[in-house]
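The values are calculated or read from the model by the stated rules, or taken from the named source; none is laboratory data. Note that the structure is predicted; figures quoted are calculated from it, not measured. In this analysis, Cβ positions are derived from the backbone assuming ideal geometry, glycine residues included, and neighbour counts consider all displayed protein chains.
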Amino acid sequence: MWLAEDAGGGTIGGGAMELALQTRAKRILADGRYFFETRELHHRAASVQGSELELSGMICAGRQVNVVYLCRPDHDREVVERIAQGFEEQRGGWALDRDGLCWLEEAPCRGTRFHVDENGRSRLEQGLDPPRRLTILGAGHCGRALADLAGGLGYGVEVWDIRRDLVQSLEAEGYRTRWVEDFRRVGERVRSPEQTPVLVMTPDVPNDVRALGGALGRGFPFLGAMGSRAKLSEIFKRLKREGFSGEDLSTITAPVGLPIGSRTPAEIAVSVMAQLIGRRSRWESDESLGSDESGIMIEEEESRLVRKNSSR
């Protein structure tokens, strides 16, 4: 989350904790002096005996580390501009500790990571290569709606198409798009295939077949195809004629999306992203992406404490 005197953006989770931090940040900005701080907060109604953690003002269980740093134009402008460029290029990263903000040519991690070294020095790091990726084959209405929604959810989205006019149109609007002569060639060009779901929604059956044929066997964690039962049946028949086995075809999720009665492109995008979110833990293992496990354990401990207190 960033804050300036008259603007701001992002969030650290909302609620009383965020409001308190915003109020405090205004005082830090008004003071204008160097400022770096880390605070570990506990989301509990009351402190736990022996705990050194501060209460956050929230009671939802779990904990959060806040790192606060005052960027100064004379000291940080060049680094911030380089980070902004890296964000656009989806490469590199940055780090923040008591010495200030610095640019890193190599991404230090996937997503964001906070750690304390053996000397007790706190350091916050972030890789600008998107921690989550999505490749969409087809820049039509559904592909565009899916790119909008996925981008808003923090995915690094690439949209591929054989139609130059659509590619150029979306590119002019700020989408990350790529033209390809043949959809079959996309599968071999996707970066980080083991971490990249692929959604196929080309304009017709022949192109769907080419797109899926080029993606099968490439190690994508999720491969989905959109279409009616009749359309998908024809696609699978053609893929079998090309030599793909039933085992190969079983790796395709079709029709893609949860069955929520979606009709419009925007509704279809919701159903597809809901399905992806539900399945992505199967291929995500990087702790920097924020596994829910620690939160679950803390919540279970909260439940045990409540049951214990109730039994008394």
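Here are a few things to note about the model shown:
- Any chance Val80 is surrounded by fewer than 17 Cβ atoms within 10 Å (Cβ to Cβ), part of a helix (DSSP H, G or I), at pLDDT 85 or above and of a type in the set (Val, Ile, Thr): yes
- Residue match in region 129-146 (condition: touching a helix residue (DSSP H, G or I) at 6+ places or on another chain (Cβ under 6 Å) and among the polar types (S, T, N, Q)): no
- Residues that are at pLDDT below 85 and outside any helix (DSSP H, G or I) within region 244-296 comprise Trp283, Glu284, Ser285, Asp286, Gly290, Ser291, Asp292, listed in sequence order.
- Matching strands (runs of 3 or more DSSP E) fully within region 84-185 where at least 2 residues are over 29 Å from Glu267 (Cβ atoms): 93-97, 100-104, 112-116, 122-127
- If the condition is being among the aliphatic types (A, V, I, L, M) and buried (at least 17 other Cβ atoms within 10 Å of the Cβ), then region 83-94 contributes only Ile83.
- Matching option when the condition is closer than 18 Å to Leu146 by Cβ and out of contact with any Leu (no Cβ under 7 Å at 6 or more places or on another chain), among Val167, Val272, Val256: Val167
- In the set (1) without any contact (Cβ under 8 Å) to a residue 60 or more places away in the chain; (2) in a loop (DSSP other than H, G, I, E, B); (3) buried (at least 21 other Cβ atoms within 10 Å of the Cβ), the condition left unmet by Thr202 is number (1).
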